[in-house]
1. Of the residues in the range B:58-84, how many are of a type in the set (Asp, Glu) and surrounded by 16 or more Cβ atoms within 10 Å (Cβ to Cβ)?
2. Looking at B:136, B:231, can you tell me which residue is assigned to a helix (DSSP H, G or I), touching a residue at least 60 places away in the same chain (Cβ under 8 Å) and at the interface with chain A (Cβ under 9 Å from one of its Cβ atoms)?
3. If I filter the range A:193-201 for residues that are away from every other protein chain (no Cβ under 13 Å) and under 18 Å from the mean Cα position of the chain (by Cα), do I get at least one hit?
4. With within 14 Å of chain A (Cβ to nearest Cβ), in a loop (DSSP other than H, G, I, E, B) and open to solvent by 10 Å² or more (accessible area, probe 1.4 Å) as the only criterion, which of B:127, B:151 stands out?
5. Among the residues in the range B:212-222, are any more than 21 Å from residue B:23 (Cβ to Cβ) and more than 11 Å from chain A (Cβ to nearest Cβ)?
6. What's the number of the only condition in (1) within 14 Å of chain A (Cβ to nearest Cβ); (2) part of a loop (DSSP other than H, G, I, E, B); (3) in contact with a helix residue (DSSP H, G or I) (Cβ under 9 Å, 6 or more places away or on another chain) that residue B:85 fails to meet?
7. Can you say whether residue B:218 is modelled with pLDDT of 95 or more and open to solvent by 40 Å² or more (accessible area, probe 1.4 Å), as far as the supplied structure shows?
8. Report yes if some residue within the range B:103-113 is open to solvent by 80 Å² or more (accessible area, probe 1.4 Å), touching a residue at least 12 places away in the same chain (Cβ under 8 Å), more than 14 Å from chain A (Cβ to nearest Cβ) and under 27 Å from residue B:181 (Cα atoms); otherwise report no.
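The values are calculated or read from the model by the stated rules, or taken from the named source; none is laboratory data. Predicted model only: the values in this text are computed from it and were never measured. Please note: Cβ atoms are built from the backbone with ideal geometry, for glycine as well, and neighbour counts cover all protein chains shown. For accessibility, only protein heavy atoms count, side chains too; no ligands or nucleic acids. Shrake-Rupley method; radii C 1.70, N 1.55, O 1.52, S 1.80 Å.
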Amino acid sequence: MFTSEADFRYPLKAKATISASHTESKSFYSRFHITISASHTGAGFSILIFRYPSLLKAEVVISPTQLHLTVIHTKRIRDRTDSFRKLGQNFGQDSNTILEMRGMELSLNQTQKLRLQRALELLESLSSGTNSNASVTVADTIPVNQEDGVLKGHGTTELEGEVVATVCGVIERVNKLVYVRTLRARYKPEVGDIIVGRVIEVAPKRWRLEINFSQDAVLMLSSMNLPDGIQRRRTAVDELNMRSIFEENDVICAEVRDFMRDGSLQLQARSQKYGKLERGQMLAISPYLVKRRKQHFHHLESYGIDLILGCNGFIWVGEHVETKDIMVEDEPIKPELQNNKSQISMSLEEQEQTYTPLETRQNICRIANAIRVLSTLGFSITLDVIQEVVDLSSSKGLDIHEMLGAEFCVLVAEREAERRSLSTRRKR
Amino acid sequence: MEYVSPEGLRLDGRRPMEMRQLRAELGAVSRADGSAVFEMGNTKVIAAVYGPREVQQRSQQLNDKALIRCEYTMANFSTGDRMRKPKGDRRSTEISLVIRQTMEACILTHLMPRSQIDIFVQVLQADGGTRSACINAATLALADAGIPMRDLVTSCSAGYLNSTALLDLNYVEDSAGGPDVTVGILPKLDKVTLLQMDAKLPMDIFENVMQLATEGCKAVANYIREILMENTKQLENRRGI
């Protein structure tokens with residue numbers, strides 16, 4: 001028999017006494033009877049109990065002032081008294097908000113949990129001033145002034161004269177146009193977007209690319225520059241040699257050209273900056289975190305790294321490659337190629353080229369992990385923010401693998417909250 | 001057996017018109033486009049949505065709308081006795097079909113031609129009302145995936161035992177052999193998309209039971225809406241400018 005006291009702060013403001021006794025024990029299952037009596041009455045108790053995950057199976061009887069639980073613990077428990085003391089404490093703690101985050105399984109300790117919570121609350125208070133009441137869920141009515149005339153955009157529909165949202169997101173208004181900007185959704189392409197994709201099929205005269213869109217994108221052989229850099233008609237030989245340009249599973253950077261009549265997407269790669277991406281990592285994040293900018297190609301000189309923020313949420317972090325315009329440089333190189341000796345030196349150079357120095361590889365991983373942390377926290381991803389996170393990690397002297405831990409995640413959240421509060425103050 | 005005590009309490013301590021505790025959580029499956037865990041008391045269901053994506057079998061591709069596919073499974077450990085069930089038995093095929101048709105009625109499929117949406121639902125703990133829990137979980141997952149829908153579909157079951165209409169039956173009440181009415185509604189449009197019952201009930205009683213189930217659906221809809229709103233606000237706040 002053991003008695004423990006817990007302070008239920010949320011959702012009830014009540015003090016509870018937990019008394020427990022152990023009646024039956026098998027090798028793996030132990031049955032406990034817990035009685036919780038509290039100054040507060042009512043069925044609100046059950047909410048609390050069901051939030052507590054280790055109570056896998058519980059038989060609950062609720063009486064006006066007491067809640068009786070029979071718990072079957074599936075873990076073998078060595079020291080039952082101690083485990084119950086913990087249970088009692090945890091009831092008190094876990095009845096506060098449980099932090100749940102998408103795709104993140106971090107074991108935060110109590111202080112980290114509180115710090116993260118405080119940082120996130122600060123972020124909430126910062127942005128709530130700018131656009132409160134702009135969020136809608138499916139089937140919410142969007143308030144509009146019907147007299148002005150309304151153009152219904154994406155994510156809206158009309159129902160009995162009202163404009164109704166069909167997706168969850170944020171209302172955006174541009175003059176008469178009203179649309180809902182979705183948050184977590186697949187990529188919606190716009191002409192001119194720079195995207196990163198993966199080749200999934202080599203078809204006649206075209207490659208099919210997975211780009212996180214509702215269909216596969218198409219890159220025609222005719223809409224990309226040939227490796228020899230000459231503008232000419234694509235012949236049957238070119239078509240046979242398509243695999244020498246891109247193979248299946250290659251990662252490619254390209255630009256959205258236009259939509260075809262049947263709604264599928266055409267890409268183009270008519271510049272040297274587009275094309276195959278090698279020696280790096282591709283990360284897939286939610287597309288809403290990447291904003292459309294003038295610059296999507298970034299060269300981080302201090303790290304020797306290329307960073308491509310694809311509008312479709314695919315991000316490339318790779319070793320820096322000099323883009324040379326073959327059209328211009330071709331001619332002086334050609335006569336050298338004919339020389340046999342230089343060809344050997346070229347091949348040696350090529351061998352050196354395929355080797356990425358350890359430091360660069362570590363930098364790639366560091367930047368990639370910074371992006372991973374940012375995307376699990378759901379912060380928008382820009383060059384400045386990434387750089388800040390990378391600097392933070394190196395100034396703290398953290399190893400690359402430590403960047404995915406709980407402590408660093410909390411640090412990033414705090415830093416971001418600080419940064420945003422500074423920038424809003426400056427605006428004022 | 002006595003399912004409603006003279007004091008008006010059910011076996012698990014609920015009143016006849018009381019629902020079980022609801023709990024929902026978005027983003028349980030990190031690789032999916034949308035996912036959710038939905039709990040009604042001890043019934044626990046996980047749903048994952050993939051898509052809209054390229055149609056896997058070209059012959060199934062529809063040129064004017066999206067193809068919706070649904071797969072319902074029960075985990076081996078979900079029921080009291082651990083049984084290895086063959087995949088694609090009659091029950092799960094039927095429920096897959098029911099969920100698919102219900103979801104298809106609310107998804108605006110014409111906006112995503114030549115693509116497919118896969119909905120996977122798995123029962124983690126079965127304690128009655130898995131059908132409705134699956135539909136609720138699928139709705140949440142679809143909304144999380146940002147798929148345009150006419151309205152949220154919510155579902156709830158109701159039964160009739162000891163000459164009382166009971167809301168949200170649990171396993172013991174469900175296996176009592178009485179009528180079990182599962183209703184799915186579109187709360188905003190006020191339309192019924194799903195109505196199932198495999199027993200006989202007099203007309204006037206049926207109306208009562210269905211009314212009760214509809215009320216349950218509306219309660220679920222309010223809860224789902226809250227969860228979605230909270231999630232949307234959180235995402236937007238975190239994203240910042």
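1. Taking the range B:58-84 and keeping what is of a type in the set (Asp, Glu), we get B:64, B:71, B:81.
Among the residues that remain, those that are also surrounded by 16 or more Cβ atoms within 10 Å (Cβ to Cβ) are: B:71.
Within the range B:58-84, residues that are of a type in the set (Asp, Glu) and surrounded by 16 or more Cβ atoms within 10 Å (Cβ to Cβ) number 1.
2. Exactly one residue qualifies, and that residue is B:231.
3. Looking through the range A:193-201, at least one residue is away from every other protein chain (no Cβ under 13 Å) and under 18 Å from the mean Cα position of the chain (by Cα).
4. Just one listed residue meets the conditions, B:127.
5. In the first step, residues of the range B:212-222 are kept if they are more than 21 Å from residue B:23 (Cβ to Cβ); the result is B:212, B:214.
Those still in the list that are more than 11 Å from chain A (Cβ to nearest Cβ) too: B:212, B:214.
Looking through the range B:212-222, at least one residue is more than 21 Å from residue B:23 (Cβ to Cβ) and more than 11 Å from chain A (Cβ to nearest Cβ).
6. Among (1) within 14 Å of chain A (Cβ to nearest Cβ); (2) part of a loop (DSSP other than H, G, I, E, B); (3) in contact with a helix residue (DSSP H, G or I) (Cβ under 9 Å, 6 or more places away or on another chain), residue B:85 violates only (1).
7. In short, yes.
8. Among the residues of the range B:103-113, not one is open to solvent by 80 Å² or more (accessible area, probe 1.4 Å), touching a residue at least 12 places away in the same chain (Cβ under 8 Å), more than 14 Å from chain A (Cβ to nearest Cβ) and under 27 Å from residue B:181 (Cα atoms), which makes the answer no.
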